[in-house]
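What follows is a short report on a single structure.
The values are calculated or read from the model by the stated rules, or taken from the named source; none is laboratory data. Just so we're clear, the structure is a prediction, and the values are computed from it rather than from any experiment. So basically every Cβ, Gly included, is an ideal-geometry build from the backbone, and we count neighbours across all protein chains shown. With ligands, DNA and RNA removed, areas are computed over all heavy atoms of the protein, side chains included. Shrake-Rupley method; radii C 1.70, N 1.55, O 1.52, S 1.80 Å.
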There are 2 protein chains.
Amino acid sequence: MNGAVCVVTGGLGFIGSNLVHHLVARGSTVRVVDDLVAEHGGSLHNVEGLDVSLTIADIGSPEVADVLVGADHVFNLAGQVSHLASMHDPEADLQRNTMSHCRFLETIRRVSPQARVVHTSTRQVYGRPLRLPVDETHPANPVDVNGVAKLAGEQLHSVYASAYGMRTTSLRLTNVYGPRQRLDSDQLGFLPVFVRAALRGDDIRLFGDGLQRRDCLFVDDVVDALLTSCVEKAVGRVYNVGHVEDHSLMEIGELLCKLADRGGRVVVTPWPEEHGRVDIGSFRSDCSRIAEETGWQPTTTLADGLARTLAFYEEHPWFLSPR
Amino acid sequence: MNGAVCVVTGGLGFIGSNLVHHLVARGSTVRVVDDLVAEHGGSLHNVEGLDVSLTIADIGSPEVADVLVGADHVFNLAGQVSHLASMHDPEADLQRNTMSHCRFLETIRRVSPQARVVHTSTRQVYGRPLRLPVDETHPANPVDVNGVAKLAGEQLHSVYASAYGMRTTSLRLTNVYGPRQRLDSDQLGFLPVFVRAALRGDDIRLFGDGLQRRDCLFVDDVVDALLTSCVEKAVGRVYNVGHVEDHSLMEIGELLCKLADRGGRVVVTPWPEEHGRVDIGSFRSDCSRIAEETGWQPTTTLADGLARTLAFYEEHPWFLSPR
């Protein structure tokens, strides 16, 4: 990546900004595109002090063409990630996760068709698993509009690879945690909510019985997957990116309370109606395809990753305050 | 269906208008919604002489709310069906096959949430089959934007069933032929192109070797599947709707030439580049799920269906002339 021109969409967000930090450290020229939608995870703080160019725009807008000229790698991470928001405003989710990506792919095709494109999809495209672990041939039956829209965005990347020879890869990410994740919203998954509670010494509320399992992934492992996926063999492919370790939400909550050591406890509470409707039970990814084809594997245990996460936020306490 | 209020979107099109004829004959009150997009299959001729109400509008537009008030059944057949058009104008396809359906589902949810909704999807959502016959658990890997957009539209119907208790069913239709299919376009599948050539005594051009197989379905069998799917057991379900018989394109072409008896022959020609990129090889549906859950099965053989098709167009020769 040294000397490479890298475009990172959603580069002010959680995963995007962690990637930007890594790329800058490796000597890449980094161009960030982010539209800083209020409810999403992006913040200018996330790239503070870094030498990057920044375009505040939706990836579907015409000015993004200039950003793409001469790009070697495009890391396409922009998107809406809230499942509940997608049910409250389904059209907005389809606009951001499908339609804008369609326009973006058309722009890449026109301006920079040789660029290596790595797109982030989500394990949410599978919906309720029919079997565990879930490999990439498992049927995709999303349970919310966000899953539908993300799957369509992912499939557009595959179609542009097969129909036009574009060099795209999509990664279906499991639940990700780590530094630079927005903690002041309840809409960005359970992990930032748990981390916030642990840091404040509040109780962690679990819905249902707390026995649902997840294969959570530390953000550095995701960054590593994004970079590893740039190999030629991954062109036109879709990969699960999750962990071999899985844990119940109860275990994750208890581990966080113990590591933070601020007096919070885990408490169990019934499902709120609108959350329960989109619950998918336990999930674990089968990541053998990406391991075999690119060599990527996660290297951070949950205990280590959560400890590093808490340490980051203790050094950067403004993440806990609403902006 | 006698006395039932039925809304048919895309009701001026090929399958929609055949359904409208059946519903009127069974004593339903029929409300047709169709936006008569120039390149699509709709025509006012298709419902000539029938007592139906007609709203010329996109299904996503606000005036469709009035049409839905008091609806017992909604047959949601509106859509863009050309695979090549979806590659030339991907945004337009996503607008018509995904975004408009999202708005339409929101309108039904608000105005007529108890209505029974049957939506037509397509076997195109599967892409190139990994195995034959293809059942509903086969991964969906569409090879063109049309397949991506139709799958998203279908999955929105499933999400609205699971999240809101709406009573939706989606049917993944195979290649359909029969009366009232537009014959003057090359963009609506191979069957109307073959039928047109046979009727004119022109040669039928097959791309590749002509050995690709399809399980073609006569439109009356599709109408029967739409009506049969209104049973309660089908709520929230997705079904393949195809045929137990499959035939090579060569066999279908030769049968048409023989039945029409106007001197046309089948000739084999290489794939044009843009067709070849979205070719999916042979396809055959496994329709055991709909058979088991609703009792539906196709009853028309290819030879019988094609003979009835040719007879219809011989009686209605204006279908052969550009409109």
Any chance you could give the angle, 0 to 90 degrees and rounded to 10, that helix A:190-200 forms with the longest Cα principal axis of chain A? 50
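How much accessible area per residue does chain A have, in Å², with a 1.4 Å probe?
Accessible area per residue, chain A: 37 Å².
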When the charge dipole of the protein assembly as shown is computed with +1 on Lys and Arg Cβ and -1 on Asp and Glu Cβ about the Cα centre, the Cα farthest towards its positive end, among B:PRO113, B:HIS157, A:GLY253, belongs to A:GLY253
Fully extended contour minus Cα-Cα distance, from B:GLU273 to B:ASP261, at 0.36 nm per residue: 1.2 nm
With the label set 7 Å along Cα→Cβ, B:GLY49 is separated from its counterparts in the other copies, in nm and shortest first, by 8.1
Anything over 32 Å Cα to Cα? Flag those among A:LYS150/B:LYS233; A:LYS150/A:LYS258; A:LYS233/A:LYS258; B:LYS150/B:LYS233, in the order listed. A:LYS150/A:LYS258; A:LYS233/A:LYS258
More than 21 angstrom separation, counting every C-alpha pair in region A:244-323; what % is that? 52
B:ARG289 versus B:ALA65: modelled label distance in nm, points set 7 Å from Cα along the beta carbon direction: 3.4
In whole Hz and in residue order, list the ³J(HN,Hα) couplings for region B:33-40 that follow from phi through the Karplus curve 6.51 cos²θ - 1.76 cosθ + 1.60, θ = phi - 60°; x for Gly and Pro. 10, 7, 9, 6, 4, 3, 7, 7
When all alpha-carbon pairs of region B:166-221 are counted, what percent fall beyond 18 Å? 44
Using a 1.4 Å probe on heavy atoms of the protein chains only, the accessible area for B:TYR313 in Å², nearest 10, reads 0
Per GNM of chain A with C-alpha springs under 10 angstrom, the most fluctuating residue out of A:VAL67, A:VAL238, A:VAL33 is A:VAL67
Hey, what's the Cα Rg ratio for region B:141-270 versus the globular rule of thumb, 2.2 N^0.38 Å? 1.25
Just to be sure I understand: chains A and B are related by a rotation, so which residue of A has its Cβ closest to that axis, and how close in Å? A:ALA152, 2
Evaluate E = 1/(1 + (r/R0)^6) for B:ALA4 and A:HIS88, where r is the Cβ-Cβ distance and R0 equals 35 Å; express this FRET efficiency to the nearest 0.05. 0.60
Which whole-percent values make up P(r) of region B:81-143 when all C-alpha to C-alpha distances are grouped in 10 Å steps starting at zero? 18, 37, 33, 13, 0
Going by accessible area, probe 1.4 Å, with all protein chains left in place, what is the ranking of A:HIS243, B:HIS247, largest first? B:HIS247, A:HIS243
Tell me what chain B gives for mean residue ellipticity at 222 nm when only DSSP H runs of n ≥ 4 count, each as -39,500 (n - 2.57), the sum divided by the residue total, rounded to 500 deg cm²/dmol. -10500 deg cm²/dmol
Between copies, how far apart are the A:GLY208 label points? List them in nm, one decimal, shortest first, with each point 7 Å from Cα toward Cβ, please? 4.3
Going 7 Å from Cα along the Cα-Cβ axis for the label, what nanometre distances separate B:VAL268 from the same residue across the other copies? 6.6
I'd like the carbon and sulfur percentage of the solvent accessible area for chain A, probe radius 1.4 Å, heavy atoms only, ligands and nucleic acids excluded. 49
In chain A, what % of DSSP beta bridges are antiparallel (nearest 5)? 5
Could you report the accessible area of B:LEU211 in Å², rounded to 10, computed with a 1.4 Å probe on the protein chains as they sit in the structure? 110
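Mind pulling up the Rg/Rh value for region B:148-190? Radius of gyration and Kirkwood radius, both on Cα.
Computed over Cα atoms, the ratio is 1.15.
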Give me the extension gain from B:VAL37 to B:TRP318: residue separation times 0.36 nm, minus the current Cα-Cα distance, reported in nm with one decimal. 99.2 nm
Kirkwood hydrodynamic radius, the protein assembly as shown, all distinct C-alpha pairs: what's the number in Å? 26.0
Using only the alpha carbons of chain B, what is the convex hull's orientation-averaged projected area in square nanometres? 14.7
Would you please classify the overall shape of region B:18-64 from the alpha carbon gyration tensor, given that a ≥ b ≥ c denote the square roots of the eigenvalues, rounded means a/c under 1.5, and beyond that prolate means a/b larger than b/c while oblate covers the rest? oblate
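Of the listed peptides B:143-152, A:259-268, what is their order by residue-averaged count of other C-beta atoms within 10 Å, with the highest listed first?
Descending mean neighbour count gives B:143-152, A:259-268.
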Under a 1.4 Å probe, counting only protein heavy atoms, B:SER121 has an accessible area in Å², nearest 10, of 10
Kirkwood Rh in Å, taken over all unlike Cα pairs in region B:29-114: 13.8
Does any residue of region A:120-142 lose at least 30 Å² of accessible area with all protein chains in place compared with its chain alone, and if so which ones (probe 1.4 Å)? A:THR137, A:PRO139
Return the Cα extents of region A:1-153 along principal axes one, two and three, sorted largest first, each rounded to a whole Å. 44, 31, 30
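As a test of the definition: with a 1.4 Å probe, what buried accessible area, both sides summed, do you compute for B against A, in Å² to the nearest 100? Spell out each step's value before the answer.
On the way: alone 13110 and 13120 Å², together 23650 Å².
So the buried area, both faces added, is about 2600 Å².
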How many angstrom lie between the C-alpha centres of region A:12-32 and region B:182-244? 50
